[in-house]
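For reference, the structure discussed in these notes is given below.
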RNA sequence: GGGGGCGUAGCUCAGAGGAUAGAGCAGCGGUUUUCUAAACCGUUGGUCGGGGGUUCGAGUCCCUCCGCCCCUGCCA
């Protein structure tokens, strides 16, 4: 019999089938299968209670009928899972040791995990739109959440079978270029002259230009003319604009490389600049958009708020804005990329924008007979400074991402040197890089994305508790066991006896729970649920490690414990990979 | 004014309408002739912001009040 990757899904399916023939339950019965308190079992079905209420019957009697039908169906072999009715009408399920063993024997490497999980979104094309920095500016701490969460979501969706297209929708066509080009020309700055840190220079130049245009109306007018020249294709300005973008991209790539982030496409706003006119035309022809106060806007009369709060898709001066390019971008992704689903990873302040965008796109696509992809705004909370106020990009002193990553690595290096002085410097540097950057990343991912995030060096770089180093350390210990026995991870597992001790069984149960954790993580695209699971797994492993010696004399006991070590390692590494964190063999 | 988010242990945070609200940190007390002590074990700590309601059952849903953050026509 096929060993279910996700036992929760198997129990759910068996209960639905069993319920179909029972009066009062039927085809629409939702058993509400959830992971449960280990005191009660591995999973519990809560669905009987509300149903019994709605049909005015005794919940325990109804549960009894369901349980009898379940037994008769033989969908869940008794050797694998037991169940009982408990309390007012819960049904508790407990996985049996033979199932735990069968599961661990089946899902015995990363490829098997991938195959087990890979049916969820098979055949779907999903565009993940994330990171999205602006050119001519350095990436700062405000970009980290979108970058790190987006990368993790892309990996999670791909792991579950989707064809993922990662698209970096960079801001490379804003009005800031008028001022910047003006300042570059006045300073006689040559962006192609091989400067050490051109982005630093652009930021200084922009500041100068900005100050100048504020005090001198003529300069402001000149900046506008430079912008118009750029938009009209003036060769000199276009060349400058390209140079700025090239230098910016190089700086972005350096950050992305350190973070292990990759994109399939980098189609910035400029890519869509010739695609907005047809959007205006279609939205006007279909009556979705109309003129208001000189701008082209969309109202949604059926919506409480957006009936009066406009979605401005073309400014009164005729220029496009991010609503214009976002609309063109959806069309491109739907028609050219054949996207079934588009996931936008941005901060929560843009919720109104995306709600309006999605409403507009739905109407527009319906009116023009297009299929509308599933559109999701995956938002996250604001990054706050130590003072509890938002870190601003345009004022104050934003923490640059490269500086943050440098400091993370430095602090990690000091710590590694203290804890593992026997390792040579190159290895300590390499460990520090993985652990330091992993810590920064994990600190962000392990927290519910919709919460605000208080930026704090101490918090980001603390290596205590639910952190990346704790997970990495568990993996390093497993490697250490295999090293000590002169085996590679995965070797020495032959002749294993059945799992026996409490610590062994608890660890095995936790390992089987990976699929449920994945399911929960994907449901609302919340990576912190995967983090919580991995932390529990590492913690369960540590308990096992302290309770049971692995390298014992008895070959059958040693083999089964090595098997648990190996499965823990692949699960841990698979999970870390999904978060974008590299595993370590030694630390 | 309208809308969104948040408020849970001293601190940082988890909690899928379900059973006795959980972790980490900090605190207190233990564990190493042993596969990595960046660890493990035990323990202290709660009016889930206040009040009302719906429900067999509410930290979770509804109403209301208080406090903080954010958005709310030409930035993204």
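Being part of a loop (DSSP other than H, G, I, E, B) and touching a helix residue (DSSP H, G or I) at 6+ places or on another chain (Cβ under 9 Å) is the filter; apply it to region A:531-568 and report the residue that is surrounded by the most Cβ atoms within 10 Å (Cβ to Cβ).
Narrowing region A:531-568 to residues part of a loop (DSSP other than H, G, I, E, B): A:548-554.
Next cut, touching a helix residue (DSSP H, G or I) at 6+ places or on another chain (Cβ under 9 Å) only: A:548-552.
Details: A:548: 17, A:549: 12, A:550: 21, A:551: 12, A:552: 11.
Per the criteria, the residue is A:550.
Would you check if residue A:79 is modelled with pLDDT of 95 or more, near RNA strand B (Cβ under 9 Å from one of its atoms) and under 24 Å from residue A:513 (Cβ atoms)? Step through it out loud before you land on a result.
Details: modelled with pLDDT of 95 or more: yes; near RNA strand B (Cβ under 9 Å from one of its atoms): no; under 24 Å from residue A:513 (Cβ atoms): yes.
No; evaluated as a whole, the condition is false for this residue.
Considering only residues that are part of a loop (DSSP other than H, G, I, E, B) and in contact with a helix residue (DSSP H, G or I) (Cβ under 7 Å, 6 or more places away or on another chain), look in region A:25-48 and name the one that is nearest to residue A:6 (Cα to Cα). Walk me through how you get there before you give the answer.
Initial filter on region A:25-48 (part of a loop (DSSP other than H, G, I, E, B)): A:25-32, A:36-42, A:46-47.
Still in the list and also in contact with a helix residue (DSSP H, G or I) (Cβ under 7 Å, 6 or more places away or on another chain): A:25-27, A:29, A:31, A:42.
On the way: A:25: 24, A:26: 24, A:27: 22, A:29: 20, A:31: 16, A:42: 12 Å.
Once the filter is applied, the top-ranked residue is A:42.
Right, residue A:123: over 12 Å from the mean Cα position of the chain (by Cα) and either without any contact (Cβ under 8 Å) to a residue 24 or more places away in the chain or surrounded by fewer than 23 Cβ atoms within 10 Å (Cβ to Cβ) (or both) or not? Even if it seems obvious, please write down each step before you answer.
Numbers: over 12 Å from the mean Cα position of the chain (by Cα): yes; either without any contact (Cβ under 8 Å) to a residue 24 or more places away in the chain or surrounded by fewer than 23 Cβ atoms within 10 Å (Cβ to Cβ) (or both): yes.
Yes: the conditions hold for residue A:123.
Identify, from the list A:239, A:219, the residue that is buried (at least 17 other Cβ atoms within 10 Å of the Cβ) and either modelled with pLDDT of 95 or more or farther than 26 Å from residue A:405 by Cα (or both). Give the derivation first.
Numbers: A:239 fails: buried (at least 17 other Cβ atoms within 10 Å of the Cβ).
Checking each option against the conditions leaves just A:219.
So, of the residues in region A:480-508 that are surrounded by fewer than 19 Cβ atoms within 10 Å (Cβ to Cβ) and in a helix (DSSP H, G or I), which turns out to be farthest from RNA strand B (Cβ to nearest atom)?
Ranking the candidates gives A:505 first.
I'd like the full set of residues that are more than 14 Å from residue A:108 (Cβ to Cβ) and in contact with a strand residue (DSSP E or B) (Cβ under 9 Å, 6 or more places away or on another chain), limited to region A:506-524. Can you show your working first?
If we filter region A:506-524 for residues that are more than 14 Å from residue A:108 (Cβ to Cβ), which is where we start, we get A:506-507, A:509-510, A:513, A:515-524.
Within region A:506-524, A:509, A:513, A:516, A:517, A:520, A:524 meet the criteria.
Spot the failing condition for residue A:464; the list is (1) surrounded by 15 or more Cβ atoms within 10 Å (Cβ to Cβ); (2) within 11 Å of RNA strand B (Cβ to nearest atom); (3) part of a loop (DSSP other than H, G, I, E, B), and only one is missed.
Failing condition for residue A:464: (1).
Per-residue answers, yes or no, for (1) touching a strand residue (DSSP E or B) at 6+ places or on another chain (Cβ under 6 Å); (2) more than 16 Å from RNA strand B (Cβ to nearest atom):
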position: A:152; (1), (2): no, no
position: A:159; (1), (2): no, yes
position: A:167; (1), (2): yes, no
position: A:171; (1), (2): yes, no
position: A:186; (1), (2): no, yes
position: A:192; (1), (2): no, yes
position: A:212; (1), (2): no, yes
position: A:216; (1), (2): no, yes
position: A:220; (1), (2): no, no
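The values are calculated or read from the model by the stated rules, or taken from the named source; none is laboratory data. None of the values given here were measured: they were computed from a predicted structure. Cβ sites come from the backbone with ideal geometry, for glycine too, and all protein chains shown count toward neighbours.
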